[in-house]
Structures are given as structure tokens and as C-alpha cells.
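I have a structure here, written as C-alpha cells, and I will follow up with some questions on it.
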Amino acid sequence: QVQLAESGGGLVQPGGSLRLSCAASGIIFGFSSMGWHRQGPGNQRELVAELASDGSKKYIDSVRGRFTISRDNTATALYLQMNSLKPEDTAVYYCKRVQRGRTYWGQGTQVTVSS
């Protein structure tokens, strides 16, 4: 089993920044992909950013240029640097890890962008 724990969420004013972290523990093997998803009020969960095992990254259009996904050298920590935050970025952010054909999710961390 793999456990994922997100941290770093909070309340921030529009234009501000936050850095989310996701720590993986348990039975860790090489990953296929790691990513961040979010679910805003009344919305479905959506992919925000994804990092593949070959190092390629993808972002949804609404965050490209503002958010940056990265990981540590051991691939047990995943980060999301979020800059120029907007009220529409308000959501619960979830970390996801895919390894050996199984998908694991964290419990989520709340990000609220409001003045």
C-alpha cells in the first residue's frame, strides 16, 4: 500500500502564491505518473498538472505559466508551486500517484483564494 499526504494549502489573496507538497510512504516502487488534481465547489475533479516517469509535464490551460509541478530525486515527494493565484483556483487539491498499474490518492488539501 501507498499513502499520500498533502500539505501546504491555505487561504491566500488573489495574486499570491502557495506551494503544495505531497509525501509518499509505504511500499514505493517506480512511478508511472504523479499529478495534482483539484475539485472546486460544485465541480468535478479535474487534472491540474501531471509529471510522467520520463520527466515530461503537462498542465491544463488555465494554470499553464502560473503553476509548476516538480518532484524530489527520490520521487517520494511531489510539489506544486502555484503563483498568481486566482479566485477560480479555489478547490481541494489532491495528489495522485500511479505505480504498477494502481492509482493512489491523498486526502486533499484546501486552497482558498479570496480577498
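Which residues make up the longest stretch of the chain that has no trypsin sites (Lys or Arg not before Pro) in a DSSP loop with at most 16 other Cβ atoms within 10 Å?
Maximal segment without exposed cleavage sites: 1-44.
List the relative contact order of the chain as a percent without decimals, with contacts defined as Cα pairs under 8 Å and 6+ residues apart.
37
Still on this structure, please answer the following. Quick one: accessible area per residue over the chain, 1.4 Å probe, rounded to a whole number of Å²?
Value returned for the chain: 52 Å² of accessible area per residue.
Right, something else. Cα-Cα pairs above 13 Å in the stretch 38-81: how many percent?
That tail contains 59 percent of the Cα-Cα pairs.
Which chymotrypsin sites (Phe, Trp or Tyr not before Pro) in the stretch 8-111 pass both tests, a DSSP loop state and at most 13 other beta-carbon atoms within 10 Å?
Sparse-neighbourhood loop chymotrypsin sites (Phe, Trp or Tyr not before Pro): F29.
Take the Cα of I27, step 7 Å along the line toward its Cβ, and report every residue of the stretch 46-78 whose backbone nitrogen sits under 19 Å from that point.
Hits in the stretch 46-78 for I27 at 19 Å: 76.
The values are calculated or read from the model by the stated rules, or taken from the named source; none is laboratory data. Everything numeric in this text was worked out from a predicted model, so none of it was measured. Counting neighbours? That spans all protein chains shown, and the Cβs are built from the backbone with ideal geometry, glycine included. For accessibility, only protein heavy atoms count, side chains too; no ligands or nucleic acids. Shrake-Rupley method; radii C 1.70, N 1.55, O 1.52, S 1.80 Å.
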